[in-house]
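Visitor: Submitted below is the structure of interest, expressed as structure tokens.
The values are calculated or read from the model by the stated rules, or taken from the named source; none is laboratory data. These numbers come from a predicted model, not from an experiment. No Cβ is skipped: glycine too gets one built from the backbone with ideal geometry, and neighbour counts run over all protein chains shown.
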Amino acid sequence: MIIRLHSLKSNTGSRKKKLRKGRGIAAGQGASCGFGMRGQKSRSGRPTRPGFEGGQMPLYRRVPKLKHFPLINQKFFTIINVSSLNQVKEGTIVNLDSLVKAGIVTSPKYPLKVLGNGTLKVKLTVEAASFTSSARNKIEAAGGTCKVFD
């Protein structure tokens, strides 16, 4: 026998008739359609969204708060404290290149960030990718300026 598209048939018993729910007692799934009497799961529409745990903090939000979960797109910086800037001559422009030449920074792999630990006694123009608020205040209190660039 040659098989043609018009002669194809599904196997007997493989295709069942769809249950018509809510069409009376005789239909087998009348009134509540097999969803029980009342409650969240008996209502129309999806009962709850995926991952919902009845108001408890769901697993997909609990897990990242635990230890050893890395930050996504974390920024890395080459850090230096304000106290280290006292070694530089007054009135000079301080950036990552000048700190490497002076030997204050040894591994300039990332952009420079200035932290506010210590005190500053010299007036400087500091160019960095980021400053903490305390570092900015100490540099400006010493008469210097802060320039942020990427």
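Visitor: Please go through segment 8-57 and pick out each residue that is part of a loop (DSSP other than H, G, I, E, B) and of a type in the set (Val, Ile, Thr).
Guide: Matches in segment 8-57: Thr12, Thr48.
Visitor: For segment 58-150, list the helices (runs of 4 or more DSSP H) that sit wholly inside it and hold at least 2 residues that are exposed (fewer than 11 other Cβ atoms within 10 Å of the Cβ) and outside the structural domain of Thr48 (by TED's automatic domain parsing); which are they?
Guide: Correct list: 133-141.
Visitor: Is it the case that some residue within segment 21-39 is farther than 30 Å from Glu140 by Cα, without any contact (Cβ under 8 Å) to a residue 12 or more places away in the chain, touching a Cys at 6+ places or on another chain (Cβ under 9 Å) and surrounded by 11 or more Cβ atoms within 10 Å (Cβ to Cβ)?
Guide: Within segment 21-39, one or more residues are farther than 30 Å from Glu140 by Cα, without any contact (Cβ under 8 Å) to a residue 12 or more places away in the chain, touching a Cys at 6+ places or on another chain (Cβ under 9 Å) and surrounded by 11 or more Cβ atoms within 10 Å (Cβ to Cβ).
Visitor: Of these, Gly118, Gly45, Gly54, which one is of a type outside the set (Lys, Arg) and in contact (Cβ under 8 Å) with a residue 12 or more places away in the chain?
Guide: Result: Gly118 is the single residue among Gly118, Gly45, Gly54 that is of a type outside the set (Lys, Arg) and in contact (Cβ under 8 Å) with a residue 12 or more places away in the chain.
Visitor: Identify the single condition in (1) in contact with a strand residue (DSSP E or B) (Cβ under 9 Å, 6 or more places away or on another chain); (2) touching a residue at least 12 places away in the same chain (Cβ under 8 Å); (3) within 16 Å of Ile93 (Cβ to Cβ) that Ala135 does not satisfy, given that it satisfies every other one.
Guide: The single condition Ala135 does not satisfy is (3).
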